[in-house]
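Just below is one structure, and these are the notes that go with it.
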Amino acid sequence: MAARVEEQSMTNVSDYDYSNFYYSSGEDIFAILDPYNQWYGPARSEGYYLFAQPMFTPPLGRIELEEQLHHRGISLLNLSSYNYLGLSYRPEVIAAAKRALDQYGLGAAGSPILSGTMGIHCELESAVAKFKKKEAAMVFPTGYSTNLGLIQGLLRPGDWIIADQNSHASIVDGAILSKANVRFFKHNKPEDLEKKLKQATGKKLVAIEGVYSMDGDVCRLPELVEVAKRYGARIMIDEAHSAFVYGENGRGVAEHFGLEDEIDIHVGTFSKALGGQGGYVAGSQNMYNYLMGFARSRFFSCALSPVVAGGVLESLRIAQAEPQLRAKLWTNVAYIRRQLSDYAVDVGESTSQVIPIMIRNDRRMMHIAHHLQQAGLYLQPVMFPAVAKHRSRFRISISASHTTDQLDEAVSILVRVLREEGIL
């Protein structure tokens with residue numbers, strides 16, 4: 001693909017995306033850099049590439065950022081941040097992080113195995129294990145490294161991992177690193193999971209998510225668990241977007257369905273509902289002990305900053321002590337869903353706080369995104385490789401901290417722009 005790109009002038013940057021620059025001709029690994037940057041430079045300067053614009057406020061309902069096209073500060077309504085419970089900027093969380101900073105300094109300055117484990121990490125792991133009602137919980141520096149280390153740490157060549165086709169990149173990359181046999185079943189289709197399990201012999205791991213991050217739909221956990229158990233497969237669920245949000249006590253989709261004890265491996269992140277950073281694996285003490293020696297993404301990484309660990313501990317305390325935050329989140333979700341439905345906005349299969357606004361036109365995405373931003377709404381585009389080609393969308397993330405007025409204004413802007421663009 002890139003060989004064709006090299007021969008053209010790229011006068012229309014919207015004709016191209018990452019898929020055009022995955023391969024290159026020749027024998028030099030740098031051969032792709034020039035054609036890519038021939039696209040990337042104009043794409044940024046013409047406002048086509050709107051990612052990584054610097055923000056200068058916490059992820060509030062209204063933010064300040066530097067608009068890339070004219071390099072000026074602007075104020076925008078924010079429907080893009082994961083901060084589901086509004087905890088990242090709570091005064092108590094900030095104070096807890098400052099106390100950890102005063103006690104431990106900025107960073108851990110070592111891997112968890114060597115000198116990087118501090119008292120605050122042990123507190124956090126104990127608190128997560130208690131919250132999840134599991135024997136042990138292991139903390140990783142990021143959510144991505146959590147799935148990477150877990151899957152690579154447990155699976156070996158000849159084993160099988162059978163994952164939902166919409167699985168996060170961290171699950172896919174962990175599977176690749178493990179060198180296990182990898183199969184993907186059709187999204188949320190227990191019957192296709194069964195078909196794939198019938199073809200697998202030996203050790204098997206089924207990997208699913210609680211809420212799928214791009215489509216916002218909930219996994220069909222009871223049926224998937226029943227199939228996996230029937231074929232003797234272990235089950236891991238990644239609750240990155242559902243832990244601390246779903247379930248009577250906020251323990252996630254597994255709690256929501258009453259299947260916590262049927263799941264072998266519980267994975268989650270601190271960067272979504274808790275407003276921090278890092279991830280965890282919760283399960284048996286035996287698994288914890290084994291991963292201590294074999295989860296390479298943790299073993300060979302610097303431990304999570306003690307400052308973040310201190311803040312996350314306080315976020316977890318608040319999330320448990322204030323169930324009204326979850327109630328407010330779901331009130332906001334129901335409110336905006338009614339409005340989007342009234343205007344016949346296409347939200348795909350979403351039933352959660354993650355609401356895609358389906359556009360399905362890769363070429364026009366950045367133009368529409370720029371139009372939304374000019375109108376006052378920070379709503380980031382999602383395109384290949386984050387989703388499949390021609391499945392482009394904007395992704396709304398609702399927070400308990402959004403006010404009704406903010407949601408009203410955001411929907412008004414969204415609907416007006418979609419109408420002007422001929423989407424509605």
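Among GLU322, GLU420, the ranking by other beta carbons within 10 Å of each residue's beta carbon, starting with the fewest, stands as GLU420, GLU322. Scalar couplings 3J(HN,Hα) for region 320-336, obtained by applying the Karplus form with A = 6.51, B = -1.76, C = 1.60 to θ = phi - 60°, are 7, 7, 10, x, 5, 5, 5, 4, 5, 4, 5, 5, 5, 4, 4, 5, 6 Hz; x denotes Gly and Pro. Label separation (GLN165 vs GLU420): 3.7 nm, computed from points 7 Å beyond Cα along the C-beta direction. For region 158-169, the Karplus equation 6.51 cos²θ - 1.76 cosθ + 1.60, evaluated at θ = phi - 60°, returns couplings of x, 6, 10, 10, 10, 10, 4, 5, 9, 4, 4, 4 Hz by residue, with Gly and Pro reported as x.
Residue pairs exceeding 31 angstrom between C-alpha atoms, taken from LYS98/LYS133; LYS98/LYS130; LYS204/LYS272; LYS229/LYS389: LYS229/LYS389.
Beta bridges per DSSP, both residues in the chain: antiparallel share near 55 percent. If you wrap the tightest convex hull around every Cα atom of the chain and split its volume per residue, you get 159 Å³.
Read-outs throughout are calculated quantities, based only on the coordinates presented, and are distinct from any laboratory measurement. Predicted model, so just to flag it, every value in this text is computed and none were measured. As a convention, Cβ positions derive from the backbone with ideal geometry for all residues, glycine included, and neighbour counts pool all protein chains shown.
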